[in-house]
Amino acid sequence: MEEPIPAQPSETAAVPTAPPVRPTRRTFITATTAAGATVATGGLVAGPSRVGAAAPAESPPTSPVSLSVNGDRHTVTVDNRTSLLDLLREHLGLTGSKKGCNAGACGACTVLVDGRRVNSCLTLAVRLEGAEVTTIEGLADGDRLHPLQQAFIDQDAFQCGYCTPGQIMSGVGCMQEGHSGSAEEIREWMSGNICRCGCYVKIVRAVEQAAGRK
Amino acid sequence: MYPFSFTKAAGTREALEAGRRGGRYIAGGTTLVDLMRETVERPRTLVDISALPMREVTDTARGGLRIGALVRMAEAAAHPKVRTLYPVISQALELSASAQLRNMATIGGNIMQRTRCAYFRDVTAACNKREPGSGCAALQGYNRTHAILGTSDHCVATHPSDVAVAFAALEASVHLLGPDGERSVPFADFLLQPGDTPNREQALRPGELITAVEIPPHPGPLKSGYMKVRDRQSYEFALTSAAVALHVRGGVIRQAKIAVGGVGTVPWRLPAVERRLTGRRPSDALWAEAAEGAAEGARPLTHNRFKVELLKRTVERQLRIVGGTK
Ligand SMILES: Cc1cc2nc3c(=O)[nH]c(=O)nc-3n(C[C@H](O)[C@H](O)[C@H](O)COP(=O)(O)OP(=O)(O)OC[C@H]3O[C@@H](n4cnc5c(N)ncnc54)[C@H](O)[C@@H]3O)c2cc1C
Ligand code: FES
Ligand code: FES
């Protein structure tokens, strides 16, 4: 039997069930391109009332998952293929985490899951039942920036800024793990974050500043 | 990515049952999710095994160490026993991937990872590993990073794991649990050379779970270390690598265990080099003499001839780092 055309990750539909979220332009476009006419209704418009309703015959398997993001609890039904990165960006509207390679090879999508830095592009959302996720949006304390955010500004540690949220989340993990003891150590333990603009020297300085070494 | 159903196994029995029905185990997911996205892997069911009790590093009765299959790469590398007894394992792990990936990936998943050959990952290219009988695009293609040892006319892809090279050198064994019970396979027999069935990569039976990797006791003092040579300093797979463990007593090398990576279709042991070292006294001249045989039997391809010399030098340098000089 011919397999259906595989849907790309960002095109997989997640159905937020609580609190109900209006479909944004972004989810509308992605869900329609992914699923075509048959499945769109299953994924899209769906509010809480659809939970438990029989899925349309063709629709890809979904699962409910309840997780906390930056302290807010979310209970969503996700297409099993949805990555944490897509859940954050496409469905929860948290676009701070970036998609560079979608393959674990750049670090732009770095977030903390249960306190550990991970690549959200390789993390299936469906596996995160009960998890606590921290993204760049959850790092500041109200209007007070996290010391590493402030250090990135002080050290001018970015140009285009695309890698920056991942760099900062990774830097937070790096410091918590105790791997910010020297510039060399920071360079090695931050190597999972690529910067196309080549701001490495200043990124290392920013981590040194936040770690209290500068 | 193709749709799949998902279940999380509460315990080992449930996981094995799901595995028996054809479910695919997922541990850290760092390579499986990636390959599913590329549609190289197309499991219909994923079985999350992260709740299984295989998370510990424990001493064995024989005096070795048992690393649970679900121990994360970061945890295994940082474990005090691993660091003091087998630095070669810690070093191989910390020179692998990135801090983020090591926080996710597990020891069991690591030794199960599939080749990074670009033709394997590209579903439009010929690849006997992915699509038996379709040919090998790497043979006539761009094969700079491919293997020079253990290759066949059907496949020249390297095994990409670093820690597997350390496990091969330390003569580890892989503990397996299947519907028919437990068994243990020597590491040397666990990863398979391609031959004419490159699609068969591990001596794992359908539905079998890896529960642990066991390092046997070695006579002490054992000095060991891992060297990795690559195109960039970090966050890159090996062009060549060497895991070296030496037991030196009374100024004489009593035992030498050496395996190399980045060059073989599987982690490659160097018994001839080990023999040249055994019973001799450490010296710069000895390292050079022994390493001269490191690439014996190599069959370089169009673009990876450089690996022959690079391999010899990698082994020589790592022998000097671990064994010192007079
Ligand atoms: C950008 C990048 C760079 C990398 N660089 C390196 C590197 O330099 N060196 C290196 O060694 N590795 C490197 N890796 C590979 C990485 O180490 C592996 O992806 C990881 O170790 C796989 O472990 P996992 O737990 O995530 O496996 P998963 O992706 O969960 O599983 C991999 C395979 O193993 C099977 N499996 C997992 N656990 C078990 C078990 N207990 N029993 C039976 N089957 C099981 C799964 O079914 C699947 O087929 C890199 C990966 C990426 C993405
Ligand atoms: S987007 Fe996740 S590592 Fe590149
Ligand atoms: S600032 Fe542009 S990629 Fe890093």
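Below is a table of values for the structure above.
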read-out: Estimated distance in nm for a label pair at B:R254 and B:A288, the labels positioned 7 Å out from Cα along Cα-to-Cβ; value: 3.0
read-out: Stokes-Einstein diffusion coefficient of region A:140-214, Kirkwood radius over Cα pairs, 4 °C, 1.567 mPa s, in µm²/s; value: 108
read-out: Shielding by other protein chains, B:154-166, mean Cβ within 10 Å; value: 0
read-out: When region B:178-318 is reduced to its Cα atoms, the Kirkwood hydrodynamic radius in Å; value: 17.0
read-out: The protein assembly as shown: proportion of alpha-carbon pairs further apart than 29 angstrom, %; value: 56
read-out: Per-pair calculated FRET efficiency, R0 = 35 Å: A:R196 and A:R73 via Cβ, rounded to 0.05; value: 0.45
read-out: Alpha carbon centroid spacing (whole Å) that separates region B:20-52 from region A:144-183; value: 33
read-out: Cα-projected label distance for B:I321 with B:R183, points at 7 Å along beta-carbon direction, nm; value: 3.7
read-out: Area of B:S234 that stays accessible when all protein chains are in place (1.4 Å probe, Å², to 10); value: 10
read-out: Net +/- balance of residues flanking A:E177 in space, Cβ distance below 13 Å, scoring K and R +1, D and E -1; value: 0
read-out: Span from the region B:213-271 Cα centroid across to the region B:59-111 one, whole angstrom; value: 15
read-out: Globularity index of region A:58-108, i.e. its alpha-carbon radius of gyration over 2.2 N^0.38 Å; value: 1.23
read-out: Summed residue charge, Cβ within 14 Å of B:V229's Cβ, Lys/Arg positive, Asp/Glu negative; value: +3
read-out: J(HN,Hα) series, region A:177-190, from Karplus relation 6.51 cos²θ - 1.76 cosθ + 1.60, nearest Hz, glycine and proline x; value: 6, x, 10, 10, x, 7, 4, 5, 5, 4, 4, 5, 7, 9
read-out: Set A:K98/B:K307; A:K99/B:K8; B:K223/B:K307; A:K99/B:K307; B:K81/B:K312; B:K8/B:K81 screened for pairs whose C-alpha atoms are more than 29 Å apart; value: A:K98/B:K307; A:K99/B:K307; B:K81/B:K312; B:K8/B:K81
read-out: Sparse-neighbour loop sites [trypsin sites (Lys or Arg not before Pro); region B:213-275; at most 11 other C-beta within 10 Å; DSSP]; value: B:R232
read-out: Whether region B:1-126 is rounded, prolate or oblate, judged on the alpha carbon gyration tensor where a/c under 1.5 counts as rounded; value: oblate
read-out: Chain B: C-alpha gyration tensor shape, a/c 1.5 cut-off, then a/b vs b/c; value: oblate
read-out: Signed unit charges on C-beta, dipole axis of the protein assembly as shown, positive-most listed residue B:A238, B:A272, A:T135; value: B:A272
read-out: Residue mean of other protein chain beta carbons inside 10 Å, A:115-121; value: 6
read-out: Relative contact order (%) - region B:222-323, alpha-carbon pairs under 8 angstrom, separation at least six; value: 27
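The values are calculated or read from the model by the stated rules, or taken from the named source; none is laboratory data. Since this is a predicted model, take the numbers as computed values, not measurements. Cβ coordinates were reconstructed from backbone atoms using ideal geometry, including for glycine residues, and neighbour counts include every protein chain displayed. Heavy atoms of the whole protein, side chains included, go into the accessibility calculation; ligands, DNA and RNA do not. Shrake-Rupley method; radii C 1.70, N 1.55, O 1.52, S 1.80 Å.
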